[in-house]
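The values are calculated or read from the model by the stated rules, or taken from the named source; none is laboratory data. Quick caveat: nothing in here was measured; it's all calculated off a predicted structure. Cβ atoms come from the backbone with ideal geometry, glycine included; neighbour counts cover every protein chain shown.
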Amino acid sequence: MVRRGLWIAAALVVAAVAGYVVYDMRANTSTVPGIGMPADVRLTDHRGRPFTAADLKGKPTAIFFGFTYCPEICPTTLLDMGARLQALGDDADKLNVVFVTIDPERDTPRQLAAYLSSFDPRIRGVSGTPEQIGKMAKGFRVYYRKVETGGGEYTMDHSTAVYLMDAKGRFVGPIGYQEPADRAVASLKRLIAG
Amino acid sequence: MQRRHLFSLAAALAAAIALPAAARDYKVGAIQIQHPWARPTSAGAQVGGGYMTLVNTGKTPDRLLDGSTPAARTFEIHEMSMAGGIMKMRRLDQGLALAPGATVALKPGGYHIMLIGLSKPLKLGEKVPATLRFEKAGEVKVEFTVEQPQAPAGGHQHGMR
């Protein structure tokens with residue numbers, strides 16, 4: 001009986017936490033301070049243009065981190081983002097979509113341009129020096145790590161979420177990896193509506 | 001009635017025969033290799049993912065040690081995992097163990113073949129020749145058919161232009 005009570009209590013706690021998280025994401029009214037692009041970071045996009053924190057202002061942004069030597073997660077996220085932009089129709093123009101490489105050694109702006117040519121042209125690729133990319137990732141609390149696989153090859157561990165930022169460059173909430181299309185599109189619509 | 005049954009049977013048979021012979025299965029020793037396939041890759045992609053299901057029909061353990069393909073510089077066996085929103089990939093240095101009777105799936109989100117340094121993008125419908133090397137069963141030539149991943153439950157079909 002006591003054990004059953006404990007289980008019910010535990011279930012209630014889980015439900016409450018889940019409910020709060022969902023509420024928090026759905027409400028979309030509060031922003032999380034301290035997450036965003038640091039003002040002093042200088043990056044370069046895949047067309048060779050400078051990219052700074054000013055590029056994340058004026059319009060809301062969906063921004064995510066990855067690398068082009070990634071067989072699965074990154075192409076899937078890029079395809080998903082393309083499909084979400086399609087679903088948004090004309091509203092897609094009210095959104096910045098940014099893909100930041102966490103593997104700047106291999107992902108030069110030119111490599112990003114070649115890679116992104118297979119995806120929605122509205123997705124802007126961003127690279128930079130390893131030091132600047134490090135600061136950028138830190139600004140977004142993004143985890144990444146280079147892992148040697150032997151024979152001179154390496155891969156990258158990295159955070160997979162898409163970060164949603166409001167028009168002032170403040171973090172609003174995430175879209176998780178392969179979140180159902182309707183939920184992700186709804187999050188983007190709310191982001192655009194402000 | 002009888003005739004109608006026969007007709008349905010014929011139709012079903014015709015449908016079965018008409019199925020694309022895209023992916024096929026292979027066998028070497030006690031190891032079955034089912035449906036080797038690879039993802040289509042984007043223009044600038046240097047890496048590709050290969051998948052298949054391995055069945056050890058024998059009574060002794062075996063192991064997929066490595067492989068090779070003219071389509072890529074390096075052929076590695078990897079394991080991918082996701083925890084707390086962080087994706088990790090690891091090379092399986094000892095290869096992939098196949099216990100007697102075991103079915104081991106290489107599939108998106110888990111074990112996969114990592115093709116590094118593609119000589120050209122993998123296009124839908126192409127076949128990628130490869131050689132797989134097993135510890136006991138030895139070597140076998142297979143072809144990975146380039147096809148779209150199946151949409152995950154609740155997800156949508158992915159398309160690579």
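Here are a few things to note about the model shown:
- Output for region B:34-89, where each listed residue is over 17 Å from A:Glu153 (Cβ atoms), touching a Gly at 6+ places or on another chain (Cβ under 6 Å) and of a type in the set (A, V, I, L, M, F, W, C): B:Ala38, B:Leu64, B:Leu65
- When A:Pro104, A:Pro71 are checked against the criterion of being surrounded by 17 or more Cβ atoms within 10 Å (Cβ to Cβ), at pLDDT 95 or above and not hydrophobic (A, V, I, L, M, F, W, C), a single residue qualifies: A:Pro104.
- Residue check, B:Arg3 out of contact with any helix residue (DSSP H, G or I) (no Cβ under 8 Å at 6 or more places or on another chain) and modelled with pLDDT under 95: yes
- Qualifying strands (runs of 3 or more DSSP E) (wholly inside region A:83-194; at least 3 residues being farther than 18 Å from A:Lys59 by Cβ): A:144-150, A:153-159
- Residue in region A:81-99 that is buried (at least 17 other Cβ atoms within 10 Å of the Cβ) and either under 24 Å from B:Ile77 (Cα atoms) or within 9 Å of chain B (Cβ to nearest Cβ) (or both) present: yes
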